[in-house]
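Chemist: Quick one: structure below, then a few questions.
Throughout, read-outs are computed from the coordinates displayed, never taken from laboratory work. Remember, it's a predicted structure, so these values are computed and weren't measured experimentally. Every residue, glycine among them, receives a Cβ derived from its backbone with ideal geometry; neighbour counts consider all protein chains shown.
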Ligand SMILES: *Cc1c(COP(=O)(O)O)cnc(C)c1O
């Protein structure tokens, strides 16, 4: 059977999913709602609609529909770069000498270079449908900003991107890609917002963080006309849009009678991981499989493996609603690790709930070990992976090596979220052997935990 499985499986255009998969509908214990920090009451749809697009808020709060239609306009954009290939990593299997079968779903085959376009297209479409003129956002490593620039150019929306300062310095080329698509790009923290000025005063010389850039983008959205804020990860509607990854993977694997034993994804805000696992996890929640789901995070920003499950702000200026999630504290300043897309203090509430309820595992890995896996993968499988994606490669390789020891022929699926062309300064450090691992001490973490709001629900 396995000999018949091609190196690369593409679905046909008509097989691109027509609906997204909403894990919330099958969760027996739903995750806690967002709270208004002033009243500590659940946020109403209207409160959320002051910040986010209407349809996205409706999706965010939808806990009953397992499938949600993908509008034709969005599906048409998907057709330009989807379906993404599902690759059988024959060469990697051989090099490792493992009996395991390794598959990866490659989301780097579009100009933005990552899976983020899947949600950017959807969110830009809904903003346009609502009649908005502009949207704001933040970007860490630059992939989300690039993806949203592409989507806004396509649907004719203005876009302001607050880009985490260390990333904008590490990746000036990313900024130019965004500007080419028409976005205005501002390094964060900046003096263009109240939130940015406050952080600059408190931490002069800071390289910024995603939490800080979020504060700036939200402030700009709520103080501008006909403008909303859009977020590239963390929220349920983003995980929903990313379920296209898992749905396509499932259709392709089922064609070959394959059922994964292990599914692995890297976790920043949790959207690609949540989307990759969605339909498989839905089955697990209904008792139909016992897949081992593994979320991988950097040892420098270990929200799940060392964080607390608590209500926390989604941003460092504490202006967003409170979300119940695994968090290092909204004031946690991660070390300037090269996987910019994974430097977020919190974790998607739905992924957090799945982790808390024991439906998945989390693993943290050190930066140099991640780049060793990235280098191996580039040389053997040909694709130059993003540092973020390489976290998943690392753990997929480790799991395949465990199979070599035990002789088990497990089927492993991992998400290869993007390419690393804009990460060459990180690769340079690795090649020059000047890369280091920064792992926060318990004292460092305690400082972050001290910024988790001291409210009765967190007791
Ligand atoms: C943003 C990003 C991630 C992490 O974000 P999630 O929301 O956790 O998926 C992973 N890989 C790449 C290439 C990214 O750009």
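Chemist: Taking the beta-carbon count within 10 Å as an exposure proxy, list 165, 105, 402 from fewest neighbours to most.
Modeler: Fewest-to-most Cβ neighbours within 10 Å comes out as 402, 165, 105.
Chemist: A further question follows. Give me the percent relative contact order of the stretch 198-276, please, defined on Cα pairs under 8 angstrom at least 6 residues apart.
Modeler: Working: 53 pairs, mean separation 22.8, N = 79.
It rounds to 29 percent for the stretch 198-276.
Chemist: Okay, moving on. Considering Cα pairs under 8 angstrom that are at least six residues apart, work out the relative contact order of the stretch 110-222 and quote it in whole percent.
Modeler: Values: 201 pairs, mean separation 29.7, N = 113.
For the stretch 110-222, the relative contact order is 26 percent.
Chemist: Starting from the 7 Å offset along Cα-to-Cβ, what nm value, one decimal, do you get for the label separation of residue 80 and residue 19?
Modeler: Each label point lies 7 Å from its Cα, and together they span 2.8 nm.
Chemist: Would any residue of the stretch 98-127 have its amide N under 14 Å from a label point 7 Å out along Cα→Cβ of residue 283? List them or say none.
Modeler: Output list for this probe position: empty.
Chemist: By count of other Cβ within 10 Å, fewest leading, how are 181, 104 ordered? Present the calculation step by step, with values, prior to reporting the outcome.
Modeler: Numbers: 181 20, 104 27.
Final ranking by Cβ density, sparse to dense: 181, 104.
Chemist: Okay, next question. Taking the convex hull of the Cα atoms, report for the stretch 316-401 its projected area averaged over all directions, in nm².
Modeler: Numbers: hull surface 27.6 nm².
One quarter of the hull surface, i.e. the mean projection, equals 6.9 nm².
Chemist: Sticking with this one: Length gain on complete extension for the stretch residue 359 to residue 69, per 0.36 nm per residue less the alpha carbon to alpha carbon distance?
Modeler: Values: separation 290, 0.36 × 290 = 104.40 nm, distance 2.66 nm.
Taking 0.36 nm per residue and subtracting the Cα distance, the gain is 101.7 nm.
Chemist: Same structure again: Considering only DSSP beta bridges where both residues belong to the chain, give the percentage that are antiparallel (nearest 5). Intermediate results must be reported in sequence, preceding the final value.
Modeler: On the way: 18 of 51 bridges.
If we restrict to bridges inside the chain, about 35 percent are antiparallel.
Chemist: Relative to the longest principal axis of the chain, what angle (0 to 90°, nearest 10) does the C-alpha long axis of helix 271-285 take?
Modeler: 60
Chemist: Place a point 7 Å from Cα of residue 129 in the direction of its Cβ. Which residues in the stretch 229-257 have their backbone N less than 17 Å from it?
Modeler: Residues 229-231, 236-244 fall inside that zone.
Chemist: Please give the peptides 354-365, 182-193, 65-76 ranked by average Cβ packing (other Cβ atoms within 10 Å per residue), highest first, as a rough proxy for protection.
Modeler: Working: 354-365: 18.8, 182-193: 20.5, 65-76: 15.1.
So the peptides 354-365, 182-193, 65-76, ranked by packing, come out 182-193, 354-365, 65-76.
Chemist: If you take the beta carbon distance between residue 153 and residue 259 as r and set R0 to 30 Å, what does 1/(1 + (r/R0)^6) give as a FRET efficiency, to the nearest 0.05?
Modeler: Step by step, r from the Cβ atoms, then E = 0.15.
Chemist: Same structure, new question: On a C-alpha basis, how far is the centre of the stretch 272-287 from the centre of the stretch 121-199 in Å? Whole number, if you could?
Modeler: So the separation of the two Cα centres works out to 30 Å.
Chemist: Step by step: find N for the stretch 359-404, compute 2.2 N^0.38 Å, then divide the Cα radius of gyration by it. What's the final number?
Modeler: On the way: Rg = 10.7 Å, N = 46, 2.2 N^0.38 = 9.4 Å.
Relative to the 2.2 N^0.38 Å estimate, the stretch 359-404 comes out at 1.14.
Chemist: Over 18 Å, how big is the tail of the calculated P(r) for the stretch 176-222, in percent of all Cα pairs? Please report the intermediate quantities before stating the final value.
Modeler: Numbers: 331 of 1081 pairs.
For the stretch 176-222, the fraction of Cα-Cα distances above 18 Å is 31 percent.
Chemist: Assuming R0 = 22 Å, what is the FRET efficiency of residue 441 and residue 206, from their Cβ-Cβ distance, to the nearest 0.05?
Modeler: Values: r = 19 Å, r/R0 = 0.88.
Once rounded, the FRET efficiency stands at 0.70.
Chemist: Quote to one decimal, in nm, the extra length available between residue 432 and residue 402 on full extension: 0.36 nm per residue of separation minus the C-alpha distance between them. Provide the component values of the computation, followed by the final result.
Modeler: Numbers: separation 30, 0.36 × 30 = 10.80 nm, distance 3.01 nm.
Roughly 7.8 nm would be gained on extension.
Chemist: Over the Cα atoms, compute the radius of gyration (one decimal) and Dmax (the largest Cα-Cα distance, rounded to a whole number) for the chain, in Å.
Modeler: Taking only Cα atoms of the chain, I get Rg and Dmax of 20.4, 63 Å.
Chemist: Also, quick follow-up: Calculate how large, on average over all directions, the projected area of the Cα convex hull of the stretch 392-454 is; give the answer in nm² to one decimal.
Modeler: On the way: hull surface 33.1 nm².
Taking a quarter of the hull surface, the average projection is 8.3 nm².
Chemist: When the helix-only estimate is applied to the chain (DSSP H runs of n ≥ 4, each -39,500 (n - 2.57), divided by the residue count), what is the mean residue ellipticity at 222 nm, nearest 500 deg cm²/dmol?
Modeler: Working: 18 runs with 191 residues, N = 459.
Value at 222 nm, helices only, nearest 500: -12500 deg cm²/dmol.
Chemist: Could you work out the relative contact order of the chain? I mean the mean sequence separation of Cα pairs under 8 Å and 6+ apart, divided by the number of residues, in percent. Please list the in-between numbers first.
Modeler: Values: 997 pairs, mean separation 87.6, N = 459.
Normalised by residue count, the contact order of the chain is 19 percent.
Chemist: Which order, highest average first, do 138-149, 24-35, 437-448 follow once you tally other Cβ atoms within 10 Å for each residue and take the mean per peptide? Don't jump to the answer; show the numbers that get you there.
Modeler: Working: 138-149: 30.4, 24-35: 16.5, 437-448: 14.3.
Averaged packing, sorted descending, gives the order 138-149, 24-35, 437-448.
Chemist: Right, next: Taking the radius of gyration and the Kirkwood hydrodynamic radius from Cα positions alone, what is the Rg/Rh ratio for the stretch 318-457, to two decimal places?
Modeler: Values: Rg = 17.3 Å, Rh = 17.1 Å.
When Rh is taken as the Kirkwood radius, the ratio is 1.01.
Chemist: Here's a follow-up. Where in the stretch 327-361 does the label zone of residue 28 land, with the point 7 angstrom along Cα→C-beta and an amide N cut-off under 12 Å?
Modeler: Taking a point 7 Å out along Cα→Cβ of residue 28, the residues of the stretch 327-361 whose backbone N falls under 12 Å are 357-359.
Chemist: Let me see the pair-distance distribution of the stretch 116-172: every alpha carbon pair, 5 Å bin width, integer percents in order.
Modeler: 4, 22, 31, 21, 13, 7, 2, 0
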